[in-house]
1. Per residue of the chain, what 222 nm ellipticity follows from adding -39500 (n - 2.57) for every DSSP H run with n ≥ 4, rounded to the nearest 500?
2. Testing the spin-label approximation: label points 7 Å from Cα along Cα→Cβ at residue 20 and residue 418. State their distance in nm.
3. Counting other beta carbons within 10 Å of each residue's own, what order do 71, 651 fall into, fewest first?
4. Which order results if 642, 179, 456, 166 are arranged by neighbouring Cβ count within 10 Å, fewest first?
5. For a Förster distance of 60 Å, can you work out the FRET efficiency between the beta-carbons of residue 632 and residue 216, rounded to the nearest 0.05?
6. Residue 80 to residue 554: extension gain in nm, 0.36 nm per residue of separation minus the Cα-Cα distance?
7. When the expected Rg is taken as 2.2 N^0.38 Å, what fraction or multiple of it is the alpha-carbon Rg of segment 307-438?
8. Can you divide the C-alpha Rg of segment 137-192 by 2.2 N^0.38 Å and report the result to two decimal places?
């Protein structure tokens with residue numbers, strides 16, 4: 001609804017601060033109002049005839065709207081004094097407070113950055129909480145900020161189940177959908193949720209963001225789930241203000257795009273008018289909670305005061321257009337409702353308006369006096385927690401003997417009682433063990449269930465543990481990792497499988513921007529424990545080309561807080577998996593387990609039939625310490641640092657070099673690629689006369705740079721040294737693949753050059 005503002009254009013000249021104009025508009029509008037007021041409604045009576053909103057509810061929503069607005073105005077003023085460090089505001093979106101009022105504080109919320117009204121209203125759900133002070137601390141980047149500890153301006157609260165997002169565009173939609181699915185999954189596997197069983201997940205975003213590929217992924221997955229009559233109680237709230245920074249959304253586009261979409265139930269509501277919009281929001285929320293179906297709430301909003309404090313709209317929008325937009329300010333309509341209903345007088349409104357301003361500025365000044373992060377240690381503290389003793393105890397915990405005997409078909413069939421096996425079989429056995437140990441563990445991805453995965457690594461898990469815990473997903477890596485975050489949010493242990501490393505790049509931001517950042521931006525209050533398995537690397541005899549032989553480990557190494565392990569043999573894989581699962585359970589870590597595809601079925605090392613790459617299965621109470629490498633041989637004449645496929649290659653090359661040059665060699669399998677154990681690398685290099693680094697990653701972007709840096713910074717960079725690495729190219733098909741990745745002969749040739 002557009003509200004008439006007295007003399008809207010003459011005072012609004014080019015160059016005038018639009019935040020000041022919007023501030024003045026409110027007071028002018030209230031003072032100039034000359035309508036007729038009805039009799040003052042009782043607290044439980046409708047605020048206006050026909051409205052689903054009562055007077056008490058309206059008054060509280062109006063207060064929440066004013067808190068949100070004055071936080072915005074305060075931020076614009078104090079930004080120039082370096083007391084506030086974030087000015088993307090909620091002005092025009094204050095109607096999202098209705099969503100907060102009509103949902104519970106235990107409904108997990110993943111919020112758009114224009115959610116000041118929502119947060120102010122949700123704070124009412126628990127006594128003793130102060131939305132103004134908490135928000136001011138966040139604006140000021142104070143260490144006392146209860147959401148992020150001063151790391152970012154985020155809308156977040158542990159007690160209010162608002163999981164912090166940063167500058168969300170659409171990357172939070174998949175994990176909101178995943179959380180909704182997880183709420184229902186818990187019932188199927190008998191897992192106790194940290195929230196009520198009938199909770200729903202709330203996810204808000206802008207109209208421009210609804211076009212993003214990541215958003216479309218979430219909508220499609222939600223509809224795909226509902227189509228199969230599986231519950232997915234997610235409330236998608238599209239706050240449609242008609243513009244994305246400076247790009248306008250075509251009139252009617254959001255409604256046209258979503259109104260008739262099958263299996264995504266559409267509701268619309270006027271977020272500019274509390275009296276008329278409340279009932280429609282209520283119907284959407286009740287529908288989502290009752291039917292457990294994905295629900296799309298199209299909430300009409302507007303955007304005043306620009307995208308952020310640095311967005312001077314007057315430079316690219318006409319004065320007439322700006323005034324027209326400002327006339328749709330929802331606070332003007334709320335003031336009109338308060339006056340028309342007789343609930344508040346002009347003086348009541350203006351006093352409340354100014355009192356709210358004073359509270360916001362007082363809180364901001366207080367927050368500015370609080371300490372900020374002042375050391376790197378403080379900044380990084382929640383990023384990658386690690387408690388070695390507890391992780392070791394958890395990794396070695398063995399109290400599930402009966403379950404594992406049943407899973408493997410009896411004591412005689414336990415894997416440690418079998419002959420040595422190759423990598424794929426030992427990974428499979430370790431996964432069976434993890435599923436016996438952790439009843440909350442879930443394994444999912446493309447083809448992992450009945451088929452047992454492309455390489456049969458997950459064979460038998462579906463049969464042993466059922467479709468509730470081992471299941472196929474749609475072919476969308478973003479959704480797979482969104483589901484993983486949802487399950488982790490609800491206290492489960494997800495083991496998502498990404499079929500090939502190249503496929504991970506499709507969904508990298510779900511780990512980099514979302515999962516791995518959650519502990520950091522929530523100051524350790526929330527976490528996304530998961531163990532992501534990825535079939536990886538090259539050497540598949542020319543099969544599949546680039547997308548089945550990707551060697552871009554750097555894409556993972558550049559993710560802060562991530563743990564990456566890469567075994568080359570079966571026993572290492574089993575003990576590493578146990579530690580990765582323990583890291584997830586104990587410290588909430590996001591972990592990646594890279595499985596070298598070419599070594600899955602490898603049995604021999606030096607010659608056909610020697611069986612020297614088969615290993616015995618380690619007892620279930622054995623685990624590998626994070627960062628622990630494995631050294632083959634004790635020679636110092638040549639030390640080779642490597643991992644993955646490079647390990648058997650280097651061992652074969654070392655045998656040739658020893659015969660050729662008489663050198664005693666040592667091959668060091670790092671096993672852990674993130675974080676690199678620099679101390680271990682330096683120790684292994686200490687007595688080396690010559691050093692080789694064998695890295696199947698690319699020349700300019702692999703693991704080798706980290707190894708070389710550790711050696712150089714450790715003081716051993718002057719030793720005769722050589723790298724054997726992949727070329728800076730994509731991997732071609734067939735035999736040409738071996739022209740771009742390291743080989744046994746290249747390792748020998750590099751050693752020769754050091755002679």
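1. Rounded to the nearest 500, it is -11500 deg cm²/dmol.
2. Between residue 20 and residue 418, the simple spin-label model gives 7.7 nm.
3. 651, 71
4. Ordered from fewest to most neighbouring Cβ atoms within 10 Å, 642, 179, 456, 166 come out as 456, 166, 642, 179.
5. The calculated FRET efficiency here is 0.75.
6. Extending this stretch completely gives an extra 166.7 nm.
7. On the way: Rg = 32.4 Å, N = 132, 2.2 N^0.38 = 14.1 Å.
Scaled against compact globular proteins, the figure is 2.30.
8. With N residues counted in segment 137-192, Rg over 2.2 N^0.38 Å equals 1.43.
Read-outs throughout are calculated quantities, based only on the coordinates presented, and are distinct from any laboratory measurement. All figures in this text were calculated on a predicted structure; none of them were measured in a lab. Backbone-built Cβ (ideal geometry, glycine too); neighbour counts: all protein chains shown.
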